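Report on the following structure.
What follows is calculated from the coordinates using simple rules that are stated; it is not laboratory data. Everything numeric in this text was worked out from a predicted model, so none of it was measured. Neighbour counts are summed over all protein chains in view; Cβ atoms, including those assigned to glycine, are modelled from backbone coordinates with ideal geometry.
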Amino acid sequence: MKKTTDAFEFEPSLPLFLPSDGDIQPELFEVLPDDEKQTDIINRPSVSYWMNARAKLKGDPLAMFGFVVIFLMTLFAILGPMVRPYTYDEQNYSVINQTPGPEHWFGTDKFGRDLFVRVSYGARISLTVGIVAAGVNMVIGVLYGGIAGYLGGGADMMMMRIVDIVAAVPQMLYMIIIMMFLGPNMRSILAALCLTYWLGTARMVRAQVLSIKNQDFVMAARVIGESDLNILVHHLIPNSMGPIIVTVTFLIPQAIFYEAFLSFIGIGISVPVASWGTLVNDSLSNMNMYPHLMLFPSLAISLTIFAFNFIGDGLRDALDPRLKQ
């Protein structure tokens, strides 16, 4: 006899059938092992932002090539003058314009100076100029742009108009004027680079701070009573470090190029100090007869600039969240 309800009908006289273990066909079902029943355990380890960026950077062959080149160039700059029994300004007129050989690995110039030592000494100057200029301008640009973006309003407008006024004059003109007053030396080059090199970094940091200063973690920091300086230094700037690192990486080859160009046109590092640009300039008069004089410093400049650009591209792909697959 059937009993009917509004939703369903059933027959209580029929026995409830539940299959026993012997009724389960082993070819269709398999008992789950105990170690697989822990569904609350996360089998894949968590990966942080920087760990993921490092993994992506290691997978970029051009970026790894750039790191290797810069490492070797740094060793060349440090150890190069130590492994040869010559100095960068030692003249020997008995070995003038010699081609590369076992005695002089890169040959000699018109004054008999060992070119290997001079190129390695030029690596010291170029790498120092590039790294110091990029580091100083990173500090200035990050603080200036961060303050402008965090304050906003009239303060932001006034600070950025100052940036526009300074940027209106070509950067190379600033360098030439400063070096005319301070003389052709490394100090004047660094002063010229530090005067206007931070403008692009300041604009970039300002844009980053404007985009994140109203997010929840910043509002939470204000609620618990943190000062504006702590919010800027400990929250806003660290969350903008990805683009900052990429920008600074691209600043280094630009500074190296500017130093080499100024030395090449004769207003950079003065002789007998061996800068890469100075070495290229000295080789112009005998370039057809002694091409090795231009080959080695030009190759050093090209490899270093390409290496830093490869590193910058790799860091941009690794640190920019918008480029993640």
LEU299 and ILE212 label points (each 7 Å along its Cα→Cβ direction) are spaced in nm at 4.3
Between the range 131-147 and the range 254-317, how many Å separate their Cα centres?
25
Using DSSP to define loop residues, name the trypsin sites (Lys or Arg not before Pro) in the range 110-197 whose beta-carbon has at most 16 other beta-carbon atoms within 10 Å.
LYS110
Let me have the relative contact order for the range 190-325, percent, based on Cα pairs under 8 Å that are six or more residues apart.
22
With only alpha-carbon atoms counted, please give the Rg and Dmax of the range 104-323, in Å.
21.0, 73
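How much FRET efficiency would the formula 1/(1 + (r/R0)^6) give for ALA155 and ALA220, where r is the Cβ-Cβ distance and R0 is 22 Å, rounded to 0.05?
Once the sixth-power term is evaluated, E becomes 0.40.
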Cα centre as origin, Lys/Arg/Asp/Glu Cβ charges: the range 104-323 dipole, Debye
220
What distance in nm lies between label points placed 7 Å from Cα along the C-beta direction at GLN91 and PHE306?
3.6
Take the Cβ-Cβ distance between LEU79 and MET186 as r, set R0 to 25 Å, and report the resulting FRET efficiency rounded to the nearest 0.05.
0.75
Least to most buried among THR278, THR99 (fewest other Cβ within 10 Å first)
THR99, THR278
